[in-house]
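The values are calculated or read from the model by the stated rules, or taken from the named source; none is laboratory data. Quick caveat: nothing in here was measured; it's all calculated off a predicted structure. Methodologically, a virtual Cβ is constructed for each residue, glycine included, from the backbone with ideal geometry; neighbour enumeration extends over all protein chains shown. Areas reflect the complete protein model, heavy atoms only, side chains present, ligands, DNA and RNA absent. Shrake-Rupley method; radii C 1.70, N 1.55, O 1.52, S 1.80 Å.
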Amino acid sequence: MIEYLLLAPVLISILCFFTKTRKQVESVSLAGSVVTLLLGLLLVVEVYKYEIIVTWQNALFADSFSAFIVLIVSIVGFVASLYSIGYMGHEYDHGVIEVKKLRLYYSLFHIFMFTMLLVGVTNNLGLWIAIEMTTLVSALLMILYSRKSSVEAAWKYMIICTVGITFALFGTILTYYAAVDILGETGDALNWTSLIAVADQFDPTIMKLAFIFILIGYGTKAGLAPMHTWLPDAYSESPTPVGALLSGTLVNCAMYGIIRFYSIASKSTGADFTGNLMIIFGLLSLGIAVPFIIIQEDYKRLLAYSSVEHMGIIALGIGFGGVFGIFGAILHMFNHAMTKSLMFFGAGNILLKHDTKEIFNVTGVVKTMPVTGAMFVVGTLALTGSPPFSIFISEFTILAAGFSQGHIVATVLFLLFIIMIFAGFFNNVSKMAFGMPKPGIEKGEVSRWTLFAMGILMVFVIVLGVYIPEPFYVMIMRVVEIVR
Amino acid sequence: MEEIVFNSGIMQLLIALILASTFLILGSTRLYSCVKAFGIQSFLLACVAWVVGFSTGKIDLYIVAFLTLIIKAAVIPYIFIYIIREIKVKREIELYVGISPSLIIGGVLVVISYYLIRSIAVITELSSFALSASMSLVSIGLFIMISRKKAIMQMLGILIMENGLFLGAISLTHGMPLLVELGIFFDVLIAVLIMGILIFRINKTFETIDTDKLKTLIG
């Protein structure tokens with residue numbers, strides 16, 4: 001089962017590479033992403049039934065947490081591939097890219113999907129390898145346009161993330177060292193399934209050191225401040241569907257790495273040490289995002305800083321701990337992925353129409369593109385945590401956890417920051433959404449495909465705000481059990 | 001068993017030579033000599049892996065040693081030389097920090113690493129020598145990345161850091177499980193190739209590979 005899920009995107013990528021025309025590559029990619037989505041959902045159902053699946057001599061495995069990541073990756077991946085047809089098609093029609101580039105784009109897109117799925121299902125601290133692979137592939141996607149700024153963003157992204165990930169490797173080595181003491185030098189000594197069982201016997205000094213390196217290393221990739229500096233560049237310079245994948249799924253994959261290590265390290269160092277570190281980095285990320293969101297002039301960078309904010313919120317939720325805190329954080333990973341992708345898609349449509357990323361040069365989107373505009377405004381409300389949308393539920397849960405666990409100062413700061421971000425964010429978006437449209441901008445949507453993709457995400461944003469389906473709830477509760 | 005490995009004269013000699021090769025990179029202004037010194041460093045690492053493999057009898061380590069030799073001591077230096085030739089980059093490195101201060105900072109970093117590792121009492125005497133060398137490599141690699149202007153030197157800095165971690169992994173745990181080691185080799189190789197592509201791109205769009213020109217995206 002897991003093998004098929006990993007094999008599918010690789011095959012699709014190879015197929016995409018051998019297509020001749022735009023039509024061919026688009027149909028292969030679309031069919032392929034449907035297959036990946038179905039296999040992903042199938043895996044989720046199977047994990048729901050059996051709780052844990054192990055194959056390939058323990059190298060691959062899936063528990064509820066893996067299934068949760070696979071669910072996010074396959075849903076966002078699917079809608080991003082729908083959106084790509086509209087967005088990249090528009091770029092193709094306007095001569096920005098040629099068939100060769102389009103083919104390359106779809107091939108890399110599916111390889112990127114493969115690496116992110118691999119992060120979820122690796123039963124090994126060698127998860128590091130998969131996360132590094134995501135950096136490599138996405139750097140190539142970033143330089144699809146050979147603009148100066150894209151090349152600069154890709155280089156910074158590559159350098160900062162590779163250095164970060166090198167620190168994470170050091171953390172991994174230290175964890176392995178702690179594990180070897182207990183488990184002996186076997187190939188299994190890096191597997192989650194064997195690690196978590198004996199984690200309480202690990203040397204706490206080593207594990208403290210290891211967790212700090214892991215948090216800095218994967219935190220770089222997850223966009224936690226102050227290691228977030230690559231993130232706004234990368235998000236704003238890559239093609240929009242890729243930006244959505246980066247912000248919706250990639251940061252979650254890195255967060256997944258942190259949380260896995262968190263649950264191992266907490267068993268040996270005690271949850272206070274790891275939790276407090278998470279709270280510090282979480283608050284720092286929220287705090288740094290505030291001024292940049294308020295004064296931002298580029299709407300794609302606005303969304304990027306909002307990602308820094310939301311990663312901070314997830315880190316806070318984990319740091320607060322308890323069932324509520326972790327439940328909120330895990331739910332927030334899902335909600336943020338859906339909402340942020342929706343916002344990126346909206347921003348992409350606005351970019352195609354107006355050909356500028358400056359907030360000041362865009363007005364009256366609601367008038368020129370009624371559907372995109374409406375969804376963009378609703379998405380903004382959802383993203384900033386207003387009821388009755390999904391993010392409100394998870395943020396509220398995390399707030400409640402903060403108070404009930406006695407982290408009063410941190411929670412009050414958290415509340416303060418999200419209120420300031422709400423004001424700053426909404427102020428910026430309302431400039432774009434309302435008012436008279438610029439002369440020369442025709443009324444009309446960019447492409448139906450893009451609206452379809454946004455519509456799917458919209459369903460998640462609205463439904464999860466009022467009702468969490470029973471199986472989904474059970475799944476998250478199981479993840480909470482794994483993390484605690 | 002471990003005592004014999006890490007206190008043996010040959011290991012200490014190899015590790016000292018690895019440190020010396022790092023200073024060769026720090027003290028050189030010519031790109032070619034930096035790449036050569038990196039090749040030598042990787043070759044010495046392969047020797048370390050081989051010696052540890054020999055004294056512990058782990059077959060995995062022979063494979064790791066062999067791969068280090070092929071990938072890090074031959075293929076990667078070749079890629080570097082290919083890039084240098086193709087983009088006809090000026091063979092001199094431009095620095096933010098001059099050669100003599102660089103060497104002094106390098107020395108200070110080694111001393112700091114040594115005392116840092118010593119202060120972690122948990123780590124046993126036997127591997128602390130190798131581990132402090134490994135920390136020195138990581139910190140000097142980082143220093144090279146921030147003190148050199150050329151994109152190529154940042155790439156080299158990352159690889160020195162990676163070499164340092166490799167040394168650390170071997171001295172702490174006799175290397176990671178083979179599957180993980182293979183994955184890391186694969187990633188390093190692909191990373192070098194992709195950074196190479198990026199350097200070509202930078203050279204094409206900016207007509208230089210000095211990274212101080214990459215300063216437009218701020219805020």
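What about A:Pro469, is it free of Cβ contacts under 8 Å to residues at least 12 places away in the same chain, of a type outside the set (S, T, N, Q) and surrounded by fewer than 15 Cβ atoms within 10 Å (Cβ to Cβ)?
Yes: the conditions hold for A:Pro469.
The rows are residues; the columns are (1) within 14 Å of another protein chain (Cβ to nearest Cβ); (2) in contact (Cβ under 8 Å) with a residue 24 or more places away in the chain; (3) open to solvent by 10 Å² or more (accessible area, probe 1.4 Å).
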residue: A:Ala62; (1), (2), (3): no, yes, no
residue: A:Ile75; (1), (2), (3): no, yes, yes
residue: A:Asp93; (1), (2), (3): no, no, yes
residue: A:Leu104; (1), (2), (3): yes, yes, yes
residue: A:Ser138; (1), (2), (3): yes, yes, no
residue: A:Tyr145; (1), (2), (3): yes, yes, yes
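Considering only residues that are surrounded by 12 or more Cβ atoms within 10 Å (Cβ to Cβ) and not β-branched (Val, Ile, Thr), look in the stretch B:79-100 and name the one that is modelled with the lowest pLDDT.
The residue in question is B:Lys90.
Any residue that is in a helix (DSSP H, G or I), away from chain A (no Cβ under 11 Å) and touching a Cys at 6+ places or on another chain (Cβ under 7 Å) - is there at least one of those in the stretch B:114-126?
No, the conditions are met nowhere in the stretch B:114-126.
Enumerate the pairs (first residue in the stretch A:442-457 and on the phi > 0 side of the Ramachandran plot; second residue anywhere and open to solvent by 20 Å² or more (accessible area, probe 1.4 Å) and assigned to a helix (DSSP H, G or I)) with beta-carbon separation below 6 Å, excluding pairs fewer than 6 apart on the same chain, so at least 6 apart or on different chains.
Note: no pairs meet the criteria.
Per-residue answers, yes or no, for (1) in contact with a Pro (Cβ under 8 Å, 6 or more places away or on another chain); (2) of a type in the set (Asp, Glu); (3) facing chain B (nearest Cβ under 10 Å); (4) open to solvent by 10 Å² or more (accessible area, probe 1.4 Å):
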{"site": "A:Thr115", "(1), (2), (3), (4)": "no, no, no, no"}
{"site": "A:Val119", "(1), (2), (3), (4)": "no, no, no, no"}
{"site": "A:Ala154", "(1), (2), (3), (4)": "no, no, yes, no"}
{"site": "A:Asp181", "(1), (2), (3), (4)": "no, yes, yes, yes"}
{"site": "A:Leu215", "(1), (2), (3), (4)": "no, no, no, no"}
{"site": "A:Leu224", "(1), (2), (3), (4)": "no, no, no, no"}
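Looking only at residues in the stretch B:186-203 that are of a type outside the set (A, V, I, L, M) and open to solvent by 10 Å² or more (accessible area, probe 1.4 Å), which one is nearest to B:Ala74 (Cα to Cα)?
B:Phe186
Would you check which residues across the stretch A:370-416 are open to solvent by 20 Å² or more (accessible area, probe 1.4 Å) and at positive phi and list them?
A:Gly406
So which of A:Ile131, A:Ile159, A:Ile165, A:Ile97 ends up being within 10 Å of chain B (Cβ to nearest Cβ), at negative phi and surrounded by fewer than 24 Cβ atoms within 10 Å (Cβ to Cβ)?
Result: A:Ile159 is the single residue among A:Ile131, A:Ile159, A:Ile165, A:Ile97 that is within 10 Å of chain B (Cβ to nearest Cβ), at negative phi and surrounded by fewer than 24 Cβ atoms within 10 Å (Cβ to Cβ).
This table checks each residue for (1) touching a helix residue (DSSP H, G or I) at 6+ places or on another chain (Cβ under 7 Å); (2) in a helix (DSSP H, G or I).
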| residue | (1), (2) |
| --- | --- |
| A:Ile182 | yes, yes |
| A:Thr193 | no, yes |
| A:Ala197 | no, yes |
| A:Met227 | yes, no |
| A:Leu250 | yes, yes |
| A:Ile258 | yes, yes |
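Name every residue in the stretch B:195-208 that is within 9 Å of another protein chain (Cβ to nearest Cβ) and either within 18 Å of the chain's Cα centre (by Cα) or acidic (Asp, Glu) (or both), in order of residue number.
B:Met195
Among the numbered criteria (1) part of a helix (DSSP H, G or I); (2) surrounded by fewer than 23 Cβ atoms within 10 Å (Cβ to Cβ); (3) away from chain B (no Cβ under 14 Å), which one does A:Leu108 miss?
A:Leu108 satisfies every listed condition except (3).
How many residues does the stretch B:160-182 contain that are facing chain A (nearest Cβ under 7 Å) and either outside any helix (DSSP H, G or I) or within 18 Å of B:Ser42 (Cα to Cα) (or both)?
Selection size over the stretch B:160-182: 8.
Show me the helices (runs of 4 or more DSSP H) entirely contained within the stretch B:1-105 in which 2 or more residues are of a type in the set (Gly, Ala, Ser) and either under 19 Å from B:Gly141 (Cα atoms) or free of Cβ contacts under 8 Å to residues at least 40 places away in the same chain (or both).
So the answer is B:9-26, B:31-56.
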